[in-house]
Each structure stands twice: as structure tokens, then as C-alpha cells.
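The values are calculated or read from the model by the stated rules, or taken from the named source; none is laboratory data. From a predicted model like this one, the values you see are computed outputs, not experimental measurements. Cβ atoms come from the backbone with ideal geometry, glycine included; neighbour counts cover every protein chain shown. Each accessible area value is taken on the protein alone, full model and side chains, heavy atoms only, with ligands, DNA and RNA left out. Shrake-Rupley method; radii C 1.70, N 1.55, O 1.52, S 1.80 Å.
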Amino acid sequence: MGDSPDTTQSSGAGAGGDRASGRARHVAIIMDGNGRWAKKRALPRALGHQRGVEAVRRLVRGLEPMELDCLTLYAFSSENWKRSETEVDDLMNLMRKFIKSDLREFIENDVQLNIIGDWRSLAPDIVAMLEDALAQTANGKRKLAVALNYGAQNEIARAAARAAENGEITPDSISANLDTAGLPPLDLLIRTSGEIRLSNFLLWQAAYAEMLFVDTLWPDFKPEHLERALDDFAQRERRYGGR
Ligand code: FPP
């Protein structure tokens with residue numbers, strides 16, 4: 001291919017990372033394995049998701065020393081509506097609780113919440129809660145992006161439609177219209193639980209990202225796992241299609 005990626009588009013498929021130190025700036029995680037974590041312990045799936053939220057909280061608390069600029073988490077995909085009504089309700093209720101209980105801490109810890117996906121079509125009380133949380137954390141310097149009702153193909157289609165409305169459809173104009181437009185380029189995409197697929201997550205942004213698939217089930221994922229992933233990333237040689 002030999003193309004050098006665009007480094008000016010913040011959310012594009014271009015080069016990311018702090019290239020001098022080799023550190024990743026933007027990591028995204030497909031948090032998989034809550035159900036299997038619960039099943040292994042003969043517990044209800046809802047408890048697996050509850051422990052999944054605790055893993056999210058641990059990770060957000062551990063972010064500062066890792067010097068990451070952005071962590072993006074796949075919390076609810078546009079395909080997750082196919083799950084039982086009870087499970088969807090459980091996940092939505094966990095989201096409500098999480099925002100209520102952790103918003104103060106985000107503000108105190110300089111965390112800026114971002115939401116990607118078609119989140120405005122969620123229940124009106126959740127939309128209102130998220131809008132409030134976005135406004136209250138707008139000045140935070142470390143970004144936490146939560147993907148809600150997110151599907152990458154839909155995101156790309158929406159971005160292309162917006163790009164076409166305003167001019168030409170090009171890789172840059174699509175990048176600039178993605179939900180991730182304000183986030184740094186994606187460096188590393190991690191999926192937990194041993195599954196090796198992208199499940200319609202950040203397909204555009206992952207064009208030049210490194211991938212890491214780990215066997216750990218999401219509720220067992222700790223800041224140390226992310227530290228290890230960041231060390232692994234720093235060892236990799238990224239060529240972006242060049243030599
Ligand atoms: C995958 O596990 C996980 C999800 C579908 C949801 C992820 C959600 C959370 C961690 C909690 C909500 C997040 C926030 C930010 C409040 P699975 O149920 O597919 O697990 P399985 O494949 O083992 O069944």
C-alpha cells in the first residue's frame with residue numbers, strides 16, 4: 001500500500017500514539033465476557049454486568065498514571081437490542097446508576113465524558129442524564145468515551161451522509177464527521193474474553209490501530225492488564241503501510 005496516513009484528522013485512521021515515547025494515547029476496549037464470568041460461578045448474567053461496571057470504574061480510577069488521553073469503551077452495541085428485554089433493562093439501569101454514582105468523581109478527576117453511537121434515541125431520562133454529564137465534564141482533560149447504541153457501519157454511513165451534505169466524500173471528510181471526531185486517533189483496540197472479532201466497533205478508526213485479544217473475562221480485567229497492554233503496544237513497530 002505504501003500510503004502514509006493522515007496525521008491531522010483527530011479521529012481518522014491515521015497515525016496516533018505519542019511516537020517519541022511509543023506510548024498509546026487512545027485505547028478502545030470491547031468489554032466481553034460478563035455473561036461467561038457469571039455462568040462460571042452459577043450467578044445471574046445481571047451480576048456479571050454489575051461486576052463489569054466495577055471493572056469500568058477500577059479502570060477509570062487507574063487512568064491518570066497511565067498517561068492515556070482517551071479510553072473508549074463499548075458498553076452497548078446497536079445489536080445488543082436483540083438480547084432479552086430483562087437483560088437490556090438491566091444494562092440500561094446499570095448505565096443510569098453508573099452516571100449517577102460516578103459523575104462527581106469524573107468531575108473531580110478531570111475526566112471528560114464523551115458518548116459515541118446513536119445515543120440520542122435511548123430512553124429520554126438517560127439522554128437527559130447523559131447531556132447533563134457531558135456538559136458538567138466538558139472541561140476535563142482525560143477523555144472517557146462510552147459507545148452506546150453504537151454500530152460502526154451506521155456511524156460511517158451517517159458520517160458519509162453528513163460529508164456529502166457539506167461537499168465531497170473523502171476519507172478526511174468522513175473522519176471529520178465520525179462520532180469520534182473530537183478524540184485522538186485510535187492506537188490500540190483490545191477485546192477481552194478470547195473472542196477474536198471486531199463486532200462492528202470502530203471499523204474506520206481501527207484501520208491503523210494495533211489489536212490485542214486477551215483471554216481475561218471483562219469483570220476480571222484490572223488496571224494492571226491495561227498497563228501490560230500499553231507495554232506490549234510500546235514494543236510494537238508501527239509502519240502504517242510504509243516500510
Ligand atoms: C459483553 O458481555 C458485555 C456487554 C454486552 C455489555 C458491556 C457492559 C458493561 C461492562 C456494563 C455497562 C457499562 C458501563 C460503562 C456502565 P457478554 O454479556 O456478551 O458476555 P458473554 O459473551 O460472556 O455472554
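Counting only DSSP beta bridges with both residues in the chain, the antiparallel share comes to about 5 percent.
Extending 7 Å from Cα along the Cβ direction at residue 211 and again at residue 110 yields two label points whose distance is 3.5 nm.
Dipole of the chain computed with +1 at Lys/Arg Cβ and -1 at Asp/Glu Cβ about the Cα centre; of 75, 133, 117, farthest Cα towards the positive end is 75. When the surface is traced with a 1.4 Å probe over the full set of protein chains, residue 47 keeps roughly 50 Å² accessible.
Taking 0.36 nm per residue of separation and subtracting the current Cα-Cα distance, fully stretching the chain between residue 172 and residue 88 would add 26.7 nm. How large is the helix-only mean residue ellipticity at 222 nm for the chain, computed as the sum of -39500 (n - 2.57) over DSSP H runs with n ≥ 4, divided by its residue count, in deg cm²/dmol to the nearest 500? Per the formula, -13000 deg cm²/dmol. Starting from the Cα of residue 134, step 7 Å along the direction of its Cβ; do the same at residue 120; then give the gap between the two resulting points in nm. In this crude spin-label approximation the distance works out to 0.8 nm.
Is the shape of the range 31-139 rounded, prolate or oblate, going by the alpha carbon gyration tensor and its root eigenvalues a ≥ b ≥ c, with a/c under 1.5 for rounded and a/b larger than b/c for prolate? Here the range 31-139 falls in the oblate category. Take every Cα pair under 8 Å whose residues are at least 6 apart in sequence, average their separation, divide by the length of the range 96-243, and the relative contact order is 18 percent.
Taking only protein heavy atoms and a 1.4 Å probe, the accessible area of the range 37-105 is 50% carbon and sulfur.
Taken over the chain, the convex hull of the Cα atoms encloses 129 Å³ per residue.
In the range 135-243, what percent of the accessible surface is made up of carbon and sulfur (1.4 Å probe, ligands and nucleic acids excluded)?
Carbon plus sulfur share of accessible area: 48 percent.
In this label model, residue 80 and residue 199 are separated by 0.9 nm, measuring between points 7 Å along each Cα→Cβ vector.
Ordering 171, 196, 186 by the projection of their Cα atoms onto the charge dipole of the chain, which places +1 on the Cβ of Lys and Arg and -1 on the Cβ of Asp and Glu, puts 196 at the extreme positive end. Can you give the FRET efficiency for residue 224 and residue 100, using 1/(1 + (r/R0)^6), R0 = 30 Å, r = Cβ-Cβ distance, to the nearest 0.05? Approximately 0.60, to the nearest 0.05. Using the 1.4 Å probe convention, the accessible area of the chain works out to 48 Å² per residue with neighbouring protein chains retained.
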